[in-house]
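Here is the structure we will look at, set down as structure tokens.
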Amino acid sequence: MRKYSVPISFLVIIALIYSVFKASMPSYKDNEALPVNGFSTKKALEHVKNISKEPHAVGFEAHRTVREYLMGELRKLGLNPQLQKGYTAGDWGNFSKAINILAKIEGTGNGKALMLLSHYDSNPHSSYGASDAGSGVATILEGIRAFLEKNPSPVNDIIILFTDAEELGLNGADLFVNKHPWAKDVGLVLNFEARGSGGPSHLLLETNRGNGKLIEEFLTAEPEYPVGNSLAYSIYKLLPNDTDLTVFREDRDIDGFNFAFIDDHYDYHTANDRFERLDHNSLAHQGSYLMPLLSYFSQSDLTNLKSLNDYIYFNLPYYKLVTYPFDWIWPLLIITIIFFVILIIYGFHKKRLSLEGSLKGFIPSLAILVVNGLIGYFGWTVLLKVYPHYADIQQGFTYNGHSYILAFVLCSLAVCFYIYHKFHKIGVANLMVAPLLIWLAICCAFAQYLPGASFFVIPLFAALLSFMMILHQDKPNIFLLLFLGIPALWIFAPFIKMFPVGLGMRMIITSTLLTTLLFFLLLGVFGFYKSKGRWAALALLVGVGFFVSAHLSSGFDQENPKPSSLLYVLNTDESAAKWATYEKVPSDWTSQYLDEDRQVPDPQKTKTISSKYNANFTFVKEAPLKPIPLPKIEKTMDTVVGTERILEICITPQRPINRLEIYTNDVMLNKALVNGVELGDYYLSHRKRAKLLTHYVSDNDFTELYLRLPRDSVLELTIYEASNDLLNHQQFSVPPRPSDNIPMPFILNDAVLVTKTVRFE
């Protein structure tokens, strides 16, 4: 057995890594029996299919169709749904008419209500919205059906809210939270979302105070497959990726849980977000959260969920969610430091450690960190040089991204094995001192600056137990050492994958460094591997194989289409028109209009409508002038009151449009209203590029501005009016996209854009 212990241990490591992903979510089979009073993923999938037949962004015809479908399904459940309509601009100056769908299940008690939340609009302009957030809406519809079969009379009211215009700026949530009388009754929110089309659904908390009570209640509800950790939420709070639930927390101090899957991120907000690409297991995972939480929170006290205490939490396969108070962070760290010091003293006393050997152990550790850090840091840059078309995938995660993650991980392992192979004479015990000290420094930094990650001390403590065994025994049992490495494998393997998937391949450095740090924790096992050079060669060979696999799938096809963009831009001030694109490497379809004579525009002179990543046109080419009807701009009031000039301006489209964006010159605005809705003072004082507002237009509505500015000010408005009808506009004959292309997300696309500047002296 000892003869084969090394290869067996490596196979066990692979099995443990596989298990952490396999056990994180339920497995759905298409031939599942339909439960009478249980959650049916099959029935939920039918809802997704019906919701995602067409893109259904605000202002689209299918938007109305989806709304009518949802109203009908709620009535089938015996509920009395209602609509809430109103204008709102949210916090981002994104103005729209939102139409929320609401229903209530009356409870027998007088406590706070439980809210089930998702949004039914898809992202403009081409997303089918199957995952984001048809999956969330379907989860709630099916969950309510199953719940009512067993619980016709809950204690707490249950409010179902399908918000509108979430994709535009959380507008529907803003409308409900600040305008609907039911908002004051909500005690807890369960929000179901997606930022990709697959993978496990991650738990994220939204609270203004401590999370202790929320975690305790979540554990009591006993969901079967919890996936989440306090580090992920700490990172989430640092990113500009709010959800509807954020509005509840910020505007009404209402706590809640987000549940969202993020894998296959390349489908996010694209025409690939279809029913066929939704991972059925991800939908089943959403249902596995909803049912126990709905059953529990519909009966429990929702008036006492606030807490001053925070909990560290993380999930482990088969052990579900592990939690402990923030108060334990420093005691656990101090115990770990003391344990490390004791082991060092013991090692020198027993002559298992030497000062020279321990100091030399820093050389391979630091060398590996530097090399793998450089590989990760420059990895994405190099890939973009070799495959420049990857830059057109704005999510930053390529279709073959999983292959790249494996390739970089294996190359990092090869570096680890090779460098430690060169220092094998130092001895395993001496080699472990430096990595353990590095980990102690990391845990100290996290305890001070990122306490949500303080659970990293758990696998470190297990590694210290391995260190103790190695100091005490000449030939410790490799499988017992491997057993002590299980916490490290189960905790860090998901992170190695999660960061580049969720944040883009530019974060591949997190994979290479986390692989290195995980190797450090398992050095007690790997240190006893003979022929580390051969293991390095094997890891490199397999890693290169994954690079080859990624290369073979680096192009675009019908299954993995290229994002492309084309616009017709008419500048009425200069009586000039141009074709424009956001593509870094124009597709053949785009190149019909932007051939070899295309130009790279000056970003200072060529402005465009705003976008999530502040993208600008990459190429433009002169285009023929077309008789596009211009918006009608009327000044209905211009007066001076005291020290202020008051202007009222009405902008009415003269053609079907989807979006109107307005910028001002560098002028102070004391107050601004659009269609009677005030833009907040904070927004007005922090405007970017002097943007006044974006109006996502429904029913070809007008835009009426009320502006107050200093009395001697001269106002200049630059208006961008866009319609997403370039491919079927009667003035153009643009052919349909080929099947290996999709509209590029996050930017204005397939659009006729008219710009006009108006000055009010």
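Details
- Checking each residue in region 634-648 for being under 16 Å from Asn670 (Cβ atoms) and either in a strand (DSSP E or B) or outside the structural domain of Ser713 (by TED's automatic domain parsing) (or both) picks out Met637, Asp638, Thr639, Val640, Val641, Glu644, Arg645, Ile646, Leu647, Glu648.
Condition check ((1) touching a residue at least 40 places away in the same chain (Cβ under 8 Å); (2) within 28 Å of Ser197 (Cβ to Cβ); (3) not small (Gly, Ala, Ser)) across all residues:
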{"residue": "Glu73", "(1), (2), (3)": "yes, yes, yes"}
{"residue": "Lys85", "(1), (2), (3)": "no, no, yes"}
{"residue": "Trp92", "(1), (2), (3)": "yes, yes, yes"}
{"residue": "Ile105", "(1), (2), (3)": "yes, no, yes"}
{"residue": "Asp132", "(1), (2), (3)": "yes, yes, yes"}
{"residue": "Glu142", "(1), (2), (3)": "yes, yes, yes"}
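- Flag if Leu219 is more than 21 Å from the chain's Cα centre (by Cα), assigned to a strand (DSSP E or B) and outside the structural domain of Val677 (by TED's automatic domain parsing): no
- Considering residues of region 649-672 that are in a strand (DSSP E or B) and charged (D, E, K, R) only, the residue surrounded by the fewest Cβ atoms within 10 Å (Cβ to Cβ): Lys671
- In region 124-151, the residue that is surrounded by the fewest Cβ atoms within 10 Å (Cβ to Cβ) out of those that are among the polar types (S, T, N, Q) and at pLDDT below 95 is Asn151.
- All told, Gly357 meets the bar of being part of a helix (DSSP H, G or I), crowded, with 16+ Cβ neighbours inside 10 Å, out of contact with any Cys (no Cβ under 8 Å at 6 or more places or on another chain) and not basic (Lys, Arg).
Let's see how each residue does on (1) touching a residue at least 12 places away in the same chain (Cβ under 8 Å); (2) in contact with an Asp or Glu (Cβ under 8 Å, 6 or more places away or on another chain); (3) not aliphatic (A, V, I, L, M):
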residue	(1), (2), (3)
Asn675	yes, yes, yes
Gly680	yes, yes, yes
Leu684	yes, no, no
Leu692	yes, no, no
Asn700	yes, no, yes
Leu709	yes, yes, no
Ile719	yes, yes, no
Ser723	yes, no, yes
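- The lone exception for Asn50 - which of (1) crowded, with 18+ Cβ neighbours inside 10 Å; (2) free of Cβ contacts under 8 Å to residues at least 60 places away in the same chain it fails: (1)
- The single condition among (1) part of a helix (DSSP H, G or I); (2) buried (at least 20 other Cβ atoms within 10 Å of the Cβ); (3) assigned by TED's automatic domain parsing to the domain that holds Asp750 that Ala539 does not meet is (3).
- Scan of region 690-729 for residues that are polar (S, T, N, Q) and more than 30 Å from the chain's Cα centre (by Cα), ordered by number: Asn700, Thr703, Ser713, Thr718, Asn728
- Extreme residue, farthest from Leu684 (Cα to Cα), among residues of region 714-725 that are surrounded by 19 or more Cβ atoms within 10 Å (Cβ to Cβ) and of a type outside the set (D, E, K, R): Asn724
- Residue check for Leu570: crowded, with 21+ Cβ neighbours inside 10 Å, in contact (Cβ under 8 Å) with a residue 24 or more places away in the chain and over 23 Å from Asp273 (Cα atoms): yes
- The residues listed here are Ala103, Ala23; of these, the one that is at pLDDT 95 or above and aliphatic (A, V, I, L, M) is Ala103.
- Single residue of region 152-195 satisfying the filter (part of a strand (DSSP E or B) and out of contact with any Lys or Arg (no Cβ under 9 Å at 6 or more places or on another chain)) that is surrounded by the most Cβ atoms within 10 Å (Cβ to Cβ): Ala194
The values are calculated or read from the model by the stated rules, or taken from the named source; none is laboratory data. Values in this document were obtained by computation on a predicted structure and should not be read as measured data. With ideal geometry, Cβ positions are generated from the backbone for all residues, glycine too; neighbour counts draw on all protein chains shown.
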